[in-house]
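These notes are about the structure you will find just below.
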Amino acid sequence: MIPAPLHRKPRPVRSFLGGLAVVLALGAPSVPALAADPNELSEAEKLVFVEHQLANIKKPTSLRYTFVKSGSLEPGFEDQVMVEVLKVGTAGSSVRAEFLSGPRNIKLPEIENAQANPVILYFLEHDIREMARLTKRKTGNYFRNRIRRSLVDEAQVRDTTVAFEGRDLPAQEITVTPYVTDPARSRYERYAQKRYTFVLSKGVPGGVYQMRTSMAAAQPSEAPLLEEVMTFAGPAAPGADSPKTLNQPVKPQ
């Protein structure tokens with residue numbers, strides 16, 4: 001799909017669906033009702049935020065994800081993310097999470113009746129806070145809006161496969177570059193080429209195989225300026241230990 005030209009009037013921005021989605025993605029102080037008709041959503045929005053990604057979780061379990069930050073911009077690190085499915089019900093699952101550890105940890109509310117895997121929103125919330133920090137903005141609302149718009153109008157969706165437990169599983173890859181078409185990109189030009197990639201597969205517990213953000217360097221031959229990759233590492237028993245920082249700096253590649 002070709003990104004919208006700069007002169008094109010953007011379609012109305014819809015909120016992410018679900019209570020937690022609104023809280024994290026919009027920074028709302030309370031949890032309103034669903035804000036959009038799913039039939040009006042783009043294919044990318046449905047894949048990322050609406051599908052019942054937790055449907056293949058039939059009993060309480062913990063989903064582990066590795067998290068690796070690398071690049072030439074600043075020191076990297078390795079850490080973990082855990083999404084613990086506490087209870088499985090007909091309307092959805094009760095879920096709590098630990099996103100990163102130590103000073104990088106993001107405090108997150110427990111969720112009732114979750115269907116989409118909230119690890120996507122956790123990753124995006126972390127990313128939005130990082131973008132605000134890097135660009136010295138007081139809040140990340142501007143970047144939230146750009147990501148939402150790009151998923152409505154500019155997302156590229158393609159079929160792919162992922163390797164999991166010795167098998168090749170069908171998957172969908174959703175890619176967006178939210179800031180490329182931003183008329184105001186000159187205010188943060190160094191980060192305007194940032195790319196977001198979602199890799200989703202119904203064959204993977206919890207439906208989310210990988211999320212990745214990458215900012216290219218000035219020259220194609222150089223290593224990325226910054227890259228963050230969260231990858232599914234497998235299920236664990238309920239009540240498994242919270243993620244612990246590995247304290248291993250990642251050298252730029």
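The values are calculated or read from the model by the stated rules, or taken from the named source; none is laboratory data. In this text, all values refer to a predicted model and were calculated from it rather than measured experimentally. For neighbour counting, all protein chains shown are included, and Cβ atoms are generated from backbone atoms with ideal geometry for every residue, glycine included.
Among what's in segment 26-61 and is within 13 Å of Val152 (Cβ to Cβ) and not in a helix (DSSP H, G or I), pick the residue that is modelled with the lowest pLDDT. Here the residue is Ala36. Filter segment 57-109 down to residues that are basic (Lys, Arg) and in contact (Cβ under 8 Å) with a residue 24 or more places away in the chain and give me whichever is farthest from Thr231 (Cα to Cα). Residue satisfying both the conditions and the ranking: Lys87. Mind checking which residues of segment 110-142 are part of a helix (DSSP H, G or I), over 13 Å from the mean Cα position of the chain (by Cα) and crowded, with 21+ Cβ neighbours inside 10 Å? Scanning segment 110-142 gives a single hit, Met131. Those residues that are modelled with pLDDT under 95 and either over 19 Å from the mean Cα position of the chain (by Cα) or part of a loop (DSSP other than H, G, I, E, B) (or both), I need them from segment 193-224; list them, please. Across segment 193-224, the qualifying residues are Gln193, Ala216, Ala217, Ala218, Gln219, Pro220, Ser221, Glu222, Ala223, Pro224. Pairing residues of segment 110-135 that are within 18 Å of Phe49 (Cα to Cα) with residues that are assigned to a helix (DSSP H, G or I) and among the aromatic types (Phe, Trp, Tyr), at Cβ distances under 7 Å and at least 6 apart in sequence or on separate chains, gives Ala116/Phe49; Ile128/Phe143.
Looking at Arg190, Arg212, Arg185, just one residue is farther than 29 Å from Ser93 by Cβ, without any contact (Cβ under 8 Å) to a residue 24 or more places away in the chain and among the basic types (Lys, Arg), and that residue is Arg185. Determine if segment 168-180 includes at least one residue that is surrounded by fewer than 16 Cβ atoms within 10 Å (Cβ to Cβ), small (Gly, Ala, Ser) and within 26 Å of Lys58 (Cα to Cα). Checked against the condition, which is being surrounded by fewer than 16 Cβ atoms within 10 Å (Cβ to Cβ), small (Gly, Ala, Ser) and within 26 Å of Lys58 (Cα to Cα), segment 168-180 yields no hits at all. Give the residues of segment 155-192 that are within 25 Å of Ala217 (Cα to Cα), assigned to a strand (DSSP E or B) and polar (S, T, N, Q), sorted by residue number. Gln156, Thr175, listed by residue number.
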